[in-house]
Amino acid sequence: MNGTNGLLVLAVLIGVPLLGGFLRGVDRKLTARLQGRIGPPIWQPFYDFLKLMGKKTLISSRATLAWACGYLALTLLATVLFFLGQDLLAVVLILGFGGACLALGAYSVRSPYAHLGANRELLQMFAYEPVLLLTAVAIFLKTGSFQVASVFRQEGALIHSLWPTFLAVLAALTIKMRKSPFDIAASEHAHQELVRGVYTEYSGKSLALIELAHWYELVLLLGLVFLFWARPWWAGLLLAVFSFFLEILIDNILARLRWRTMLYFTWVEGMGLALANIVYLNLIRGLL
Amino acid sequence: MRLDWLVAWLVLLPIVAGLLSLSVYRSTLRKALVLGTAAILAFMAVLLAAVTLGKGSPQGLDTAPWLSTLINWLDFALVAYFLYVGFRWRHYLVAGLAALQGVLLSLLEFWQLPHGLTVHPTFLLDPLASIMVLVISVIGSLICVYALDYMPEHEAHLHLERTRQPLFFCFLVGFLGVMNGLVMANNLLWLFFFWEMTTLCCYELIRHDRTEEAQASALRALWMNLIGGVACVLAMFLIYRTLGTLSLVAVVQEASLGGALLLPLAFLSLTAFTKAAQVPFQSWLLGAMVAPTPVSALLHSSTMVKAGVYLVLRLAPALFGTVLSSALAVFGAFVYLAASLLAISQTVSKRVLALSTVANLGLIIACAGINTDLALAAALVILIFHALSKGLLFMTVGIYEQQLGSRDIEVMEGLVNRSPVAAVVGIVGMLSMAFVPFGAVLGKWASLEAAATSTSAWFPLVAAFIAVGSAASLVFWVKWLGRLLSTVPLREEEKLEKRKGVYAYGTVLGLTGLLLVASVLVGGLVRELVLPAVTALGYQPQVAANWSGWGSPYGFFTVWPVFLVAGAALLLPLLTFRARREDYRPVYLCGENLAVEEAAFRGIGDQPVPLETGGLYLSASWGEARLNPWINLLGLMLLLVILLVAGVGA
């Protein structure tokens, strides 16, 4: 690893959670306004984080804490690898391992609420993981490489030929951001749930670590959206911001659906679009 | 050491040791015999790998002509025995297939082949064969050692008057020799002999307990594998008619002849599918779990099913660029998806493992069908790591089974407290099957990249199958892991590990160590073992590998950061954080808990209601009853398409 990469890693480690926490704050404020509440200050996620970190550690199982650390560490690693321009497929797989850690932590103690949440977290992974894997394949077909860095060497924007895949990613993004209608394992703060499914048995520091991981994850996902219009960079940024606000809007106008609907939607609509996109690109590749 | 001696040791030592064990009724003597054989066999396998990798080019080895004649007569003896089995158990499908095989074999030997046909060379020793021999001899030997602990306890439950272990170890240890012969054979007649011998060993091992269920499962395994045998003889007919020889290496080299060889290659693929328990033949492997657990471990990890995928990998270069190759890719990927989906609804641990085996073998076959250097490397990586992980998992499940008296996943709840050592080993095994950067999943990663880079028009379908199958496998592994992990805070559970058998725990821990070392050093493994094998098969590998990871021009996976980060994150809190008694809180039960260490809540009238949680099986969506007919139908149709495609091509 050379000096520039070292600086980049440092920037990702510090900058990404700041951005992620800020976005979460915007999300909470905006959602509150949409619900006719005043809402917390923009910086509330950071206050929450600090408060949770200062809590005394009370646990129902030591393993829960370990899996929370695993979730954070793997999400962080996936984010770092993504911003270093590494293999996109590897990033998706590592992110999947991270998500599984969250479920495993919930399974680590015999708690009915946590188990239900973990089961549903698994169903969510079952829904979005294939979509993300196929997205990596679709991006490969345009760039000729699985390395994220290759997107920036590409002439023009991916979204011109990959718009069906982009729509599929939006569906996966809804699940990954834990937004309605697909927030079946647990919803985010904005919905003010009392018992939060998969997070039921996480508390104090481990909950703080999970919050932190969510910040990394959010920025990583928006980064994935950014890739679709990476040149010029401001277009990608606009696309990411647009997607972010779109998800908040969807979250607030739709109610939670059942898991079957989620699977049906992501597989038939999401994967169907991505697959159609891939088949088309493959045909083009065959003709040229 | 001279090569011919090395081969003789690898093939004959286990067979001789197996035959010797028939007369060994003292357990100390049996232990000495099995341990000695295991040690020598593993050493010889390493030696063979060193020799073949050192020489660079594949080494041929000829045998005396009388040996070939002997093998031919033994073929007929085997057919006669299968015929006897068919009539003895009134299973006329077995009898009919055996008779058909006998007729075809007679036609081949006495009518088509000239008298005294010599095939040069009899054995071919190349890196692919060495990898297989390593897998068979090292992992297989460990499983035999494990059986030394398992079988006495297994028999204690059966209340036998006289131990049947001599017969059991005869076939278990002998199996290794037969497999070694199979992967080194170049003469198709020899390969066929070893092939049928594995069918025999498998049949005898499955029926070992002599129950009705065991006998039925054994007969099912027999008839399905006999179909493969018939297809193999048909393939030999066609190959001899086209090429005038029965050398496997000639088949691969002359593949440029194209059309004429497609049909025999399709028949050989069918042979491989039966042995590798691909859809629609998966039911024999699922039935095989009635056998004692060392048998399952052996069949799934290092022998039997691996013979099937070995044959496909061996033939892959011959298929290069053909439509048959694309058909194999679609078929394999379909099996991967189907078996992964079926595994979600299984409540019996061994069935989950079996379906995961079917899935991974399908993925290996898909890789062979994708047929690029990266795909072949991926296939070999999956093969090696699947053998390590699955051997480990079956042996661990065998330990659970003897501790719990059940194979049900639901009964394994909270095993991490009740049987900590075995549970942690099992957790490592499952993580290694389900997650990056462990080898089995790295193989999946590489296979998906290979699918994307292949030029076949079918690749979107292959990629989609692999993507969904991969997500499904994540689901069934994680939910099983969840059952093992689920504990009640502070409750002192009854400890199940009262007796830690030195052979059972020793082999399981040893294999865990081997798995972890191999996983961390996967880049080196790819560079030193896998790439030479891919090169020797005739591919020009663009795959890059160093000690930190491996990849292709399209993407690279650096392994150690993931191990470092995941390992530190998961282990550090467990090692550094010491929880005191007062730090524990009961689980959330709406505030109606009885006590911290009590998994119960106050229900109606303040009566205590015990808390129960169960796993997720979703059998309404992915139950076998619902999926099986469709999956079998589709599998059968794909098989027919493969044969048709080859037939039309010819």
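Some observations on this one:
- Residue check, residue A:50 among the aliphatic types (A, V, I, L, M), assigned to a helix (DSSP H, G or I) and modelled with pLDDT of 95 or more: yes
- Subset of the range A:107-126 (residues that are touching a residue at least 40 places away in the same chain (Cβ under 8 Å) and at the interface with chain B (Cβ under 8 Å from one of its Cβ atoms)): A:108, A:109, A:111, A:113, A:114, A:118, A:123, A:126
- Cβ pairs under 7 Å, 6+ apart, first in the range B:156-174 and closer than 30 Å to residue B:9 by Cα, second among the aliphatic types (A, V, I, L, M) and surrounded by fewer than 22 Cβ atoms within 10 Å (Cβ to Cβ): B:166/B:22; B:166/B:24; B:167/B:22; B:170/B:19; B:170/B:22; B:174/B:15
- Entirely in the range B:512-558, the strands (runs of 3 or more DSSP E) that have 1 or more residues that are β-branched (Val, Ile, Thr): B:555-558
- Check on residue B:213, in a helix (DSSP H, G or I), out of contact with any Gly (no Cβ under 6 Å at 6 or more places or on another chain), more than 20 Å from residue B:139 (Cβ to Cβ) and free of Cβ contacts under 8 Å to residues at least 40 places away in the same chain: no
- Single match in B:635, B:551, B:555 (criterion: facing another protein chain (nearest Cβ under 8 Å), under 25 Å from the mean Cα position of the chain (by Cα) and surrounded by 17 or more Cβ atoms within 10 Å (Cβ to Cβ)): B:551
Per-residue answers, yes or no, for (1) more than 10 Å from chain B (Cβ to nearest Cβ); (2) of a type in the set (A, V, I, L, M, F, W, C); (3) in a helix (DSSP H, G or I):
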position: A:69; (1), (2), (3): no, yes, yes
position: A:72; (1), (2), (3): no, yes, yes
position: A:79; (1), (2), (3): yes, no, yes
position: A:82; (1), (2), (3): yes, yes, yes
position: A:90; (1), (2), (3): no, yes, yes
position: A:96; (1), (2), (3): no, no, yes
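- Qualifying positions in the range B:17-34 - farther than 13 Å from residue B:503 by Cα, of a type in the set (A, V, I, L, M) and without any contact (Cβ under 8 Å) to a residue 12 or more places away in the chain: B:29
- Single unsatisfied condition, residue B:201 versus (1) assigned by TED's automatic domain parsing to the domain that holds residue B:353; (2) buried (at least 24 other Cβ atoms within 10 Å of the Cβ): (1)
- Subset of the range A:49-67 that is at the interface with another protein chain (Cβ under 7 Å from one of its Cβ atoms) and either touching a residue at least 24 places away in the same chain (Cβ under 8 Å) or buried (at least 24 other Cβ atoms within 10 Å of the Cβ) (or both) - its residue that is farthest from residue A:114 (Cα to Cα): A:57
- Matching entry among B:569, B:599 (being at pLDDT below 85, closer than 25 Å to residue A:60 by Cβ and either under 33 Å from the mean Cα position of the chain (by Cα) or facing chain A (nearest Cβ under 9 Å) (or both)): B:599
- The number of residues in the range B:512-540 that are away from chain A (no Cβ under 14 Å) and in contact with a strand residue (DSSP E or B) (Cβ under 9 Å, 6 or more places away or on another chain) comes to 7.
- When residue A:201 is tested against (1) charged (D, E, K, R); (2) in contact with a helix residue (DSSP H, G or I) (Cβ under 7 Å, 6 or more places away or on another chain); (3) loosely packed, with under 14 Cβ neighbours inside 10 Å, just one condition goes unmet, and that condition is (3).
- Close pairs (8 angstrom Cβ cut-off, 6 or more residues apart or separate chains): in a helix (DSSP H, G or I) in the range A:243-262, surrounded by fewer than 14 Cβ atoms within 10 Å (Cβ to Cβ) anywhere: A:252/A:35
- Any hit, the range B:605-624, residues being at pLDDT 90 or above, surrounded by fewer than 19 Cβ atoms within 10 Å (Cβ to Cβ), within 11 Å of another protein chain (Cβ to nearest Cβ) and assigned to a helix (DSSP H, G or I): no
- Checked against (1) within 30 Å of residue B:212 (Cβ to Cβ); (2) in contact with a Leu (Cβ under 7 Å, 6 or more places away or on another chain), residue B:87 passes all but a single condition, namely (2).
- Residue B:332 vs. criteria of a type outside the set (Val, Ile, Thr), closer than 18 Å to residue B:643 by Cα, surrounded by fewer than 24 Cβ atoms within 10 Å (Cβ to Cβ) and in the same structural domain as residue B:452 (by TED's automatic domain parsing): no
- If you check A:186, A:171, A:149, A:157 for being in a helix (DSSP H, G or I) and either touching a helix residue (DSSP H, G or I) at 6+ places or on another chain (Cβ under 9 Å) or surrounded by 23 or more Cβ atoms within 10 Å (Cβ to Cβ) (or both), only one passes: A:171.
- Checking each residue of the range B:453-462 against the condition of being among the aromatic types (Phe, Trp, Tyr), surrounded by fewer than 24 Cβ atoms within 10 Å (Cβ to Cβ), over 22 Å from the mean Cα position of the chain (by Cα) and in the same structural domain as residue B:517 (by TED's automatic domain parsing) gives at least one match.
- Inter-residue pairs, beta-carbon under 6 Å, first touching a residue at least 12 places away in the same chain (Cβ under 8 Å) and closer than 17 Å to residue B:11 by Cα and in the range B:49-77, second assigned to a helix (DSSP H, G or I) and among the hydroxyl-bearing types (Ser, Thr, Tyr), 6+ apart: B:49/B:130; B:52/B:130
- Of the residues making up the range B:364-383, not one is among the hydrophobic types (A, V, I, L, M, F, W, C) and surrounded by fewer than 24 Cβ atoms within 10 Å (Cβ to Cβ).
- Selected residue [surrounded by fewer than 22 Cβ atoms within 10 Å (Cβ to Cβ), touching a residue at least 60 places away in the same chain (Cβ under 8 Å) and acidic (Asp, Glu)] from B:410, B:449: B:410
- Elements of the type helices (runs of 4 or more DSSP H) sitting completely within the range B:397-499 and holding at least 3 residues that are in contact with a Phe, Trp or Tyr (Cβ under 7 Å, 6 or more places away or on another chain) and within 8 Å of another protein chain (Cβ to nearest Cβ): these cover B:439-453, B:459-485.
- Residue in the range B:572-585 that is nearest to residue B:379 (Cα to Cα), counting only those that are at the interface with another protein chain (Cβ under 7 Å from one of its Cβ atoms) and either among the hydroxyl-bearing types (Ser, Thr, Tyr) or in a loop (DSSP other than H, G, I, E, B) (or both): B:577
- Complete set of residues in the range B:175-228 that are of a type in the set (A, V, I, L, M), under 17 Å from the mean Cα position of the chain (by Cα) and over 21 Å from residue B:91 (Cα atoms): B:176, B:178, B:179, B:182, B:183
The values are calculated or read from the model by the stated rules, or taken from the named source; none is laboratory data. Because the structure is a prediction, the values reported are computed rather than measured. We place every Cβ from the backbone using ideal geometry, glycine too, and count neighbours over all the protein chains shown.
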